[in-house]
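Below: one structure, written as structure tokens.
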Amino acid sequence: MTSSLALAIAYEDALEEAGMHADERTTCYTHQTWAVECADRHLPLTAGRALASLREVGRVRWRAAGAYGRP
Ligand SMILES: [Zn+2]
């Protein structure tokens, strides 16, 4: 990551916290890059994708709680 990209991300993070809409960003918080470089990596949210994410969160929590591998 270049220093100008890091500065732009930090600047837009602050603008977003101050009320700027996320769609106005020229950087991507998720991918830590310029928005034009990852536009094709953002999939629209669907019910199936949301449920899959929730199942993944549950699985990670279950493993973190130490349930994985117990007799
Ligand atoms: Zn992105």
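Read the figures in this text as sums done on the coordinates, not as results from a lab. As the structure is a computational prediction, the values presented were derived from the model and not from experiment. Cβ placement follows ideal geometry from the backbone for every residue including glycine, while neighbour counts extend to all protein chains displayed.
For this structure, a couple of remarks:
- Each peptide in 48-57, 19-28 was scored by the mean count of other Cβ atoms within 10 Å over its residues; highest first, the order is 19-28, 48-57.
- Equivalent-ellipsoid semi-axes of the stretch 3-67, from the Cα gyration tensor, Å, largest first: 29, 16, 12
- Furthest towards positive pole of dipole, ALA22, VAL36, SER53, structure part the stretch 3-67, Cβ charges: SER53
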